[in-house]
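Beneath this line is the structure, given in structure tokens, with notes to follow.
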Amino acid sequence: MQRIRKAVFPVGGLGTRFLPATKAMPKEMLTVVDKPLIQHAVEEAQAAGIEQFIFVTGRNKSPIEDHFDYSFELEQILVEREKLKELASLRSWVPGVGRVAYTRQQQAKGLGHAVWCARDLVGDEPFAVVLADDLVLSGTPCLRQLIDVHERTGGNVVAIMEVPRAETCRYGVLAVGDDDGRLAKVTSLVEKPAPDEAPSTLSIIGRYVLLPQVFAHLERQAPSAGDEIQLTDSLARMIGTAPFHGLRFEGTRFDCGTKIGFLKANVAFAMTRPEIAEELGDFLKSIV
Ligand code: UTP
């Protein structure tokens, strides 16, 4: 079995739910505590063993490229001021030379289209997809949990969680067969079903391990929900051709594409930081 070495980070979305913050700045550069969402995502992938980081960008996304580059002037100033701790923490998470690749999704035609844009950079090997606006606080990195399953079962593996029935219209929703309460065999998949039509409330969040065959399906994929090319539609076509599992991952997921999810993530991640947790906890108690 081929090792999962590459991860695709689709960052070409418009982030309209987060306007005006996203007018001139990519949604993925919004910070949770002191790191942009995209850095949280890349660090999760690094911890999961990913070696090649492929960003599918769009307009206004150049701050992401700058963030994963060396910053010569800033580093020079930190050296001059002997701020060596800050210098080390600036570099520790930047992937090595040649480990980052960028391609551009010229039009925001949907997540499926964004993933398809990475086809030549991924090539003929299984790969991961990480959506930076889904942030997961967990012991074992969420992506690592998926890769562990893939190494046992092969095929496609997606991260899943129960959502309130009223919210199925925001997700790709599964019907499942064999299910041990953690890992479930996917039998069908529908994108953004109305609550009364959803086959279940088990929904896909932004972590995937996918077979390269998905690119051939995406190539032929017509737009559907929201007039976008949906990744879920192509994944649905792969059911029955290869193993396909949904994993109820261990951890708490925050939908940072929404204001409330983003605010919750900031509080939850801040409470894991010893230098600020106590004061923040006291402050929160004092205002609620
Ligand atoms: P969303 O559904 O959150 O869309 O995309 P969005 O455009 O980013 O935000 P809203 O809905 O307008 O507020 C989920 C993920 O897919 C990426 C986004 O960057 C995000 O990580 N995406 C979406 C693309 O890369 N390209 C697209 O055309 C659409």
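The values are calculated or read from the model by the stated rules, or taken from the named source; none is laboratory data. The structure displayed is predicted, hence computed values, not measured ones. Neighbour counts run over all protein chains shown; Cβ positions are idealised from the backbone, glycine included. Surface accessibility is based on the protein's heavy atoms, side chains included, excluding ligands, DNA and RNA. Shrake-Rupley method; radii C 1.70, N 1.55, O 1.52, S 1.80 Å.
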**OP:** Determine, yes or no, whether Arg248 is within 30 Å of Val149 (Cα to Cα), more than 16 Å from the ligand (Cβ to nearest atom) and modelled with pLDDT of 95 or more.
**Re:** yes
Taking the range 1-29 and the residues there that are near the ligand (Cβ under 8 Å from one of its atoms) and among the polar types (S, T, N, Q), the one that is surrounded by the most Cβ atoms within 10 Å (Cβ to Cβ) would be Thr22
All conditions in (1) open to solvent by less than 70 Å² (accessible area, probe 1.4 Å); (2) closer than 29 Å to Arg17 by Cα; (3) within 16 Å of the ligand (Cβ to nearest atom) are true of Gln107 except (1)
| message | Among the residues that make up the range 70-78, is at least one of them free of Cβ contacts under 8 Å to residues at least 60 places away in the same chain, away from the ligand (no atom under 12 Å from the Cβ), within 28 Å of Gln221 (Cα to Cα) and among the β-branched types (Val, Ile, Thr)? | response | no
Of Gln39, Gln46, the only residue that is in contact (Cβ under 8 Å) with a residue 40 or more places away in the chain, more than 11 Å from the ligand (Cβ to nearest atom), open to solvent by less than 20 Å² (accessible area, probe 1.4 Å) and over 26 Å from Gln230 (Cβ atoms) is Gln39
Practice item. Report whether or not Asp233 is crowded, with 20+ Cβ neighbours inside 10 Å and in a helix (DSSP H, G or I). Key: yes
Counted residues in the range 114-126 being in a helix (DSSP H, G or I) and more than 6 Å from the ligand (Cβ to nearest atom) come to 6
Note on Trp93: of the conditions (1) open to solvent by 70 Å² or more (accessible area, probe 1.4 Å); (2) away from the ligand (no atom under 15 Å from the Cβ); (3) outside any helix (DSSP H, G or I), unmet is (1)
For the range 1-20, pairs from a residue that is modelled with pLDDT under 90 to a residue that is more than 12 Å from the ligand (Cβ to nearest atom) and assigned to a helix (DSSP H, G or I), with Cβ under 7 Å and 6 or more apart or across chains, are Met1/Glu151
Pairs returned, first residue in the range 186-200 that is closer than 10 Å to Thr232 by Cα, second residue that is small (Gly, Ala, Ser) and open to solvent by 40 Å² or more (accessible area, probe 1.4 Å), beta-carbon separation under 8 angstrom, 6 or more apart or interchain, are Glu191/Ser224; Lys192/Gly226
Flagged pairs (Cβ under 7 angstrom, 6 or more apart or on separate chains; first in the range 142-158, closer than 14 Å to Leu210 by Cβ; second open to solvent by 40 Å² or more (accessible area, probe 1.4 Å)) are Thr153/Pro243; Gly154/Met1; Gly154/Pro243; Gly155/Pro243
When (1) crowded, with 16+ Cβ neighbours inside 10 Å; (2) under 25 Å from Ile4 (Cα atoms) are applied to Arg182, the one that fails is (1)
Note on Gly155: of the conditions (1) over 17 Å from the mean Cα position of the chain (by Cα); (2) small (Gly, Ala, Ser); (3) surrounded by fewer than 17 Cβ atoms within 10 Å (Cβ to Cβ), unmet is (3)
The residue that is farthest from Gly13 (Cα to Cα), considering only those in the range 49-59 that are without any contact (Cβ under 8 Å) to a residue 60 or more places away in the chain and surrounded by fewer than 17 Cβ atoms within 10 Å (Cβ to Cβ), is Glu51
